[in-house]
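Below is one structure, written out as structure tokens; the observations come after it.
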Amino acid sequence: MDSIILSPAPMPYLTDCSLKRFGTDEYHCSRYCSHFVLIFMLKNRLQFTENGSLTTLLAGEWYIQKKNTWQAASRPSPNAEYYYIHFQADYTEDLTSRLMLPIRGTFQPGLFLPLLQRLCLLLHQTPCSHLELQSEFFRLLGLLYTQELSYSALTADLMRYLNENYASRITARTLSDVFHYSSEYIDKKMKAELNMTPHAYLTAIRLQNAKKLLERSQLPIQKIALECGFSDNSLFYKAFRKHFSQSPSEWRRQHQFVYQTADPSSLS
């Protein structure tokens with residue numbers, strides 16, 4: 001299933017939404033789209049291209065147009081009717097901290113239409129309740145996520161186990177013994193759902209935790225490597241540089257938080 005992988009910080013932010021009705025000979029607009037567009041088809045069909053690739057949406061389908069694409073249409077979409085939502089978000093390559101949404105799927109109008117109508121109402125009322133508007137938008141994204149992209153029980157359990165035990169020595173045999181599946185099956189299952197093997201996911205978790213310790217503690221780098229599950233300091237150095245394009249010491253110099261203690265003489 002095609003998907004988009006977004007950064008959770010800053011969170012996706014709704015900027016516009018409305019109901020759109022096409023005429024009998026109307027085309028999708030031609031534009032360079034610098035934001036994401038979430039479409040919920042209500043009637044007939046919508047046809048458009050993204051960077052030259054044709055997409056056709058039918059009633060009852062939803063779709064996310066990717067940002068930074070050229071959109072156009074080579075044929076009309078007579079009497080197409082749909083809700084659209086424009087939102088801002090950033091792509092991310094950090095697969096351990098992300099929002100992952102499928103690009104398209106189907107929806108139940110009875111479940112989604114009241115929420116879409118409420119989003120439009122909140123956006124266009126004066127004054128606009130921005131907090132309530134974004135909260136409702138997050139609820140909508142949550143429905144899409146749970147409806148289309150819930151992880152299998154095995155993958156969810158693997159992710160939980162690796163997050164809780166990343167500091168320990170974990171091998172393919174360890175996971176096979178814990179979850180009672182062959183290491184080949186575990187690798188294939190996690191790769192299919194996360195696009196990462198358990199080893200790659202474990203390494204990413206360890207590096208993210210090492211990065212936090214470099215930023216927020218005075219611990220020696222070798223001790224940080226050990227506490228995050230790296231038994232060999234040279235392996236930690238190579239993995240960190242490959243992932244963050246800096247050595248651990250370079251990262252610490254540029255990103256470490258500076259904690260200052262109060263001058264006792266200034267306290268009253």
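The values are calculated or read from the model by the stated rules, or taken from the named source; none is laboratory data. Owing to the predicted nature of the structure, the values given are computational and were not obtained by experimental measurement. No Cβ is skipped: glycine too gets one built from the backbone with ideal geometry, and neighbour counts run over all protein chains shown. Ligands, DNA and RNA are stripped out before the accessible areas are found, and what is left, the full protein with its side chains, is counted by its heavy atoms. Shrake-Rupley method; radii C 1.70, N 1.55, O 1.52, S 1.80 Å.
Open to solvent by 70 Å² or more (accessible area, probe 1.4 Å), in contact (Cβ under 8 Å) with a residue 24 or more places away in the chain and closer than 22 Å to S34 by Cβ: which single residue out of N68, N51 fits that description?
N68
Listed residues D90, D157; which is within 30 Å of H180 (Cα to Cα) and out of contact with any Cys (no Cβ under 8 Å at 6 or more places or on another chain)?
Going through D90, D157 in turn, just one is within 30 Å of H180 (Cα to Cα) and out of contact with any Cys (no Cβ under 8 Å at 6 or more places or on another chain): D157.
Would you point out which residue out of S77, S7, S97, S34 is hydroxyl-bearing (S, T, Y), modelled with pLDDT under 95 and over 29 Å from C128 (Cβ atoms)?
Step by step, each of S77, S7, S97, S34 is checked, and only S97 is hydroxyl-bearing (S, T, Y), modelled with pLDDT under 95 and over 29 Å from C128 (Cβ atoms).
Which fully enclosed strands (runs of 3 or more DSSP E) of the stretch 1-41 have 3 or more residues being touching a helix residue (DSSP H, G or I) at 6+ places or on another chain (Cβ under 7 Å)?
13-21
Every residue in the stretch 235-249 that is out of contact with any Leu (no Cβ under 7 Å at 6 or more places or on another chain) and either open to solvent by less than 60 Å² (accessible area, probe 1.4 Å) or in contact (Cβ under 8 Å) with a residue 40 or more places away in the chain (or both), please.
Hits for the stretch 235-249 are F236, F244, Q246, S247, S249.
Which of the residues that make up the stretch 4-20 are touching a Leu at 6+ places or on another chain (Cβ under 6 Å) and either free of Cβ contacts under 8 Å to residues at least 60 places away in the same chain or open to solvent by 20 Å² or more (accessible area, probe 1.4 Å) (or both)?
P8
Residues checked against (1) in a helix (DSSP H, G or I); (2) surrounded by 15 or more Cβ atoms within 10 Å (Cβ to Cβ); (3) modelled with pLDDT of 90 or more:
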| position | (1), (2), (3) |
| --- | --- |
| E136 | yes, yes, yes |
| S150 | no, no, no |
| S168 | no, no, yes |
| S176 | yes, yes, yes |
| K189 | yes, yes, yes |
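Could you give me the residue pairs with C-beta distances under 6 Å whose first residue belongs to the stretch 100-122 and is free of Cβ contacts under 8 Å to residues at least 24 places away in the same chain, whose second residue is open to solvent by less than 10 Å² (accessible area, probe 1.4 Å) and not aromatic (F, W, Y) wherever it lies, and which are 6+ apart or on separate chains?
Cβ pairs passing all conditions: L122/L133.
Go through the stretch 84-103 and give me each residue that's in a strand (DSSP E or B) and within 27 Å of P198 (Cα to Cα).
Y91, L99, M100, L101, P102
How many residues, within the stretch 78-112, are over 18 Å from V37 (Cα atoms) and among the small types (G, A, S)?
Count: 2.
Please work out if L202 is part of a helix (DSSP H, G or I) and either among the polar types (S, T, N, Q) or more than 23 Å from L99 (Cβ to Cβ) (or both).
No.
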